[in-house]
Amino acid sequence: MLSGLVIVDKPQGWTSHDVVGRMRRIAGTRKVGHAGTLDPMATGVLVLGINKATRLLTYIVGTSKTYTATIRLGESTVTDDAEGEVTATRSAAAVTEEGIRAGVAALTGEIQQVPSSVSAIKVNGERAYARVRSGEDVKLAARPVTIYRFDIHELRRTQDGEALDLDVTVECSSGTYIRALARDLGEALGVGGHLTALRRTQVGPYSLEQARTLEQLAEELDVLEMSQAARALMPNRELTAEETTELSFGRRIAAGAAAGTPDAATPEKPAAAFAPDGSLVALLADAGSYAKPVLVFAPDNEKPAAGKTASVTPSSAPSSAPSSAEPAG
C-alpha cells in the first residue's frame with residue numbers, strides 16, 4: 001500500500017479540498033488528507049498525506065509556515081484580500097517607507113491577531129465566512145500568534161501614487177492570517193490595506209523546491225516515503241531489533257530522555273523511532289523512565305495506540321482536515 005507525503009504546488013483558484021479530491025484520483029485511494037488549508041487565491045506548498053501517512057498530518061499542522069505576499073496599502077476589502085469587495089479607499093500618497101517599516105516592526109514577534117471575519121473559524125458551530133455571507137456582522141476574538149520574520153523586499157507606487165504595493169516575506173506560527181497582517185498594517189498607517197497575492201513557500205521542513213504541480217504528479221506521482229517524511233519532521237530515535245519488536249506490539253521501551261527535560265519527547269511533540277533497516281516503527285513519548293508509543297506503524301498494527309485518534313477524518317467525510325486548522329491568509 002502506497003503511503004507517504006505528497007508536496008503539492010497548489011494552483012490558484014483551487015480549494016484545498018479540490019486538491020485532495022484530485023490526489024485521490026491520481027493515487028487511487030480514498031485515504032488522502034491535507035495538513036492545513038490554503039485559500040483559493042493562494043498558491044504554493046500544500047502537504048498531503050496518503051494512506052498511513054495521514055497519521056503524520058496532525059504533527060505538520062502546528063509547524064511554522066513561510067509565505068511571500070503582496071500587500072496593497074490604500075484599499076480595504078470585506079475579505080482583507082483581493083477576492084472581496086472594496087469597502088474603503090484612502091490615499092497612501094503620504095505613507096513613507098520609514099512609516100511602513102515601523103508598522104511592520106510593530107507586527108513582528110509575539111502579537112495578538114484578530115482573524116479575518118471571513119475565515120473558516122467556527123462560531124457556535126458555523127464557519128465565520130458563512131455567517132458573513134448571510135449578512136451577519138461577525139467579530140472574532142484576538143488570539144496569540146508569532147511573526148518570526150516580516151521582511152519588505154520592494155515598494156511600488158501605483159494608481160497614480162494613491163496606492164502602494166509591498167512585496168514581503170512572512171515566516172510565522174501556525175494559525176497566522178497573512179491577510180490580517182495586511183489589514184492591520186494598513187489600519188496602523190491610516191490608509192487601509194489588503195492582500196493581493198499569496199504564495200506559501202515552506203511548511204515546517206517541507207519546501208517549495210520539493211513541491212510538484214498536479215499536472216506533474218499526474219504524470220509521475222512523487223511521494224516522500226514515510227520514514228523520510230518523519231525524519232525531517234521530528235526528533236529521531238534509532239532502535240535496536242529488540243526495541244523494534246516490543247514497539248511493534250505497542251509495548252513501552254526505555255525512555256530516550258528523562259521526562260520534563262528539553263530533549264524529552266511528548267505526545268504533542270513525539271520522536272520518530274526507526275528500525276535497524278531504517279523503516280518507521282512508531283512515534284514515541286517519554287514518560288518517566290519509559291518511552292510509550294503514541295502511534296505504531298507496524299504492518300499488523302494499523303490503529304493508533306490506546307487513547308489516541310487518527311490525525312485526519314475518514315476519507316468518506318466531506319473534508320479531509322478541519323478547514324480552520326491552518327489558515328493561509
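The values are calculated or read from the model by the stated rules, or taken from the named source; none is laboratory data. Everything numeric in this text was worked out from a predicted model, so none of it was measured. Counting neighbours? That spans all protein chains shown, and the Cβs are built from the backbone with ideal geometry, glycine included. These area figures cover heavy atoms from the full protein model, side chains too; ligands, DNA and RNA do not enter into them. Shrake-Rupley method; radii C 1.70, N 1.55, O 1.52, S 1.80 Å.
Across the stretch 61-67, rounded Karplus estimates of 3J(HN,Hα) from the backbone phi angles (6.51 cos²θ - 1.76 cosθ + 1.60, θ = phi - 60°) give 3, x, 6, 6, 10, 10, 9 Hz, Gly and Pro being marked x.
Listed values for the stretch 162-173 are Karplus-derived 3J(HN,Hα) couplings in whole Hz (6.51 cos²θ - 1.76 cosθ + 1.60, θ = phi - 60°), namely 7, 10, 9, 9, 10, 9, 9, 10, 10, 10, 8, 6, and x replaces Gly and Pro. Shown in residue order for the stretch 47-52 are the 3J(HN,Hα) couplings computed by the Karplus curve 6.51 cos²θ - 1.76 cosθ + 1.60 at θ = phi - 60°: 8, 10, x, 10, 6, 4 Hz (x for Gly and Pro). Compute the Cα gyration tensor for the stretch 184-273, then decide on rounded, prolate or oblate, letting a ≥ b ≥ c be the square roots of its eigenvalues: rounded whenever a/c is under 1.5, prolate when a/b is larger than b/c in the other cases, and oblate in all that remain. Oblate is the answer for the stretch 184-273, as a/c is 1.5 or above yet b/c matches or exceeds a/b.
Residues whose amide H comes within less than 5 Å of that of Ala82, counting only those at least five positions distant or on another chain, are Leu195 (H built at 1.01 Å from N in the peptide plane).
Of Lys10, Lys139, Lys292, the order by accessible heavy-atom surface (1.4 Å probe, DNA, RNA and ligands excluded), from most exposed downward, is Lys139, Lys292, Lys10. Proximity of backbone amide H atoms, modeled 1.01 Å from N, is registered between Ala291 and Ile253, Ala254, Ala255 at under 5 Å, excluding neighbours fewer than 5 places apart on the same chain.
Bridging of Lys292 to aspartates and glutamates at a Cα separation below 17 Å is possible for Glu238, Glu242, Glu243, Glu246, Asp263, Glu268, Glu302, once same-chain residues fewer than 8 apart are set aside.
Packing-based ranking of 50-60, 168-178 yields 50-60, 168-178, ordered from highest to lowest mean Cβ neighbour count within 10 Å. When Asp81, Asp277, Asp151 are compared by accessible area at a 1.4 angstrom probe, the order from most to least is Asp277, Asp151, Asp81. Residues whose amide H falls under 5 Å from that of Gln113, counting only those 5 or more places apart or on a different chain, are Arg143, Val145, with hydrogens built in the peptide plane. Solvent-accessible surface (1.4 Å probe) assigned to Glu98 amounts to roughly 130 Å².
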